[in-house]
Structure formats: structure tokens, C-alpha cells
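Every number here is computed from the coordinates shown, using simple stated rules; none is lab data. These figures come from a predicted structure and were not determined experimentally. For neighbour counting, all protein chains shown are included, and Cβ atoms are generated from backbone atoms with ideal geometry for every residue, glycine included.
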Amino acid sequence: MSDGEETPEQQAHTPPTAQTPQTAEGLPQADAAEAPGGGPAPGAKMVRRVVCSYQLGWLPGDWLQTWRRLDRLFARSGLNVKATLAPLEDLPTDTDILVVPPELREAARAAALPNTPILVMPASAAAGAFADLVSRLEAGTEFTAEHTDPADNDKPKIVSYRGHTLLD
């Protein structure tokens, strides 16, 4: 190729915008095309749990609201993804994506399992970042998620609690 021309990989790469200040460590950016037939791409990671994490002993109110916003967004979008609020010191082992505020970036890298994508954003940018995350999950290129069955919404749901904590 001559100077100044981009390869197809460079053309398809879309860097994060100012609206979605995020990093997805360990996974490529959205540079793969959707698989034929409208399904997820072969290399797409199945997401079942997104954890909004905080430092043990300090949970700011705006970060609590961030988790609630994500939980409601997943419910409205019809994706079978669980939004969990958990301290960095006690992350669930089945964490697929970790969401943390900027001041906990380094602690999140140390606490998360290798190749766990980390979404770093302030609580004020949550709406745009979560909308982008849901669109990426629905597109199925780098992340994918199962959709809930609308028939299951009318069925009774059995839940278990330990004290005031809802068990998954």
C-alpha cells in the first residue's frame, strides 16, 4: 500500500469517544463484522454479569445510583445480563465486565481476573457509557448477551434471600 492509505483493520477501528470514557482491557475494539445471519461474531464474549464495583467501606451515593441505572437498563433492554454491586475486595468469580470509577482504576486491575474487561468512567458519564455497552451487547461483535424470553415475564419467579441480600 502507498503512504497515507489505511489497512481495513485501521479503518474499522473506532476509538472511544468523549461520551464513553472507557477501556476494555484484554479484548479488541469493535473491529469484527457481525457474523452472517445476524448472530454474534465467532469471537464474541458472552456476558452474563456486569459488576459495578466500589472500595469496601466507601460507597458514594452517585455510584449506587450508577449501579441502579445499569440494572434498570438491562431489564428494559431485554438482555439476560445481571448487574451486580460488589466491593473490589469481594468480586464474584463469574464477573464478565467490571465497571469502576476513575479513582479505582489501578485497584480494579489488581483485583480483577486476567482478561476481564474494565469499564472506567465517572458516575456522571454512566448514561452514555451504559447505552453504548447495551448497543455493543446487542450488536454481538465483541460482546454478546442472551435475550430474555418475553413469555417468562408472566411466570412466577422464586427468589431467595440471606438476611436482606438477594441471592442469585
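When every alpha-carbon pair in segment 40-149 is counted, what percent end up more than 16 Å apart?
55 percent
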- Message: Students often get this wrong: which residues of segment 54-74 have the backbone nitrogen under 13 Å from the point 7 angstrom along Cα-to-C-beta of Ala107?
- Response: 54-60
- Once the other residues with Cβ under 10 Å from the Cβ of Met46 are scored (Lys, Arg +1; Asp, Glu -1), what is the net sum? 0
- Additional length obtainable on full extension of the chain from Ala127 to Leu64, 0.36 nm per residue less Cα span: 21.3 nm
- Query: Once the Cβ-Cβ distance between Ser160 and Arg76 is put in as r, and R0 is 35 Å, what FRET efficiency do you end up with, to the nearest 0.05?
  - Reply: 0.90
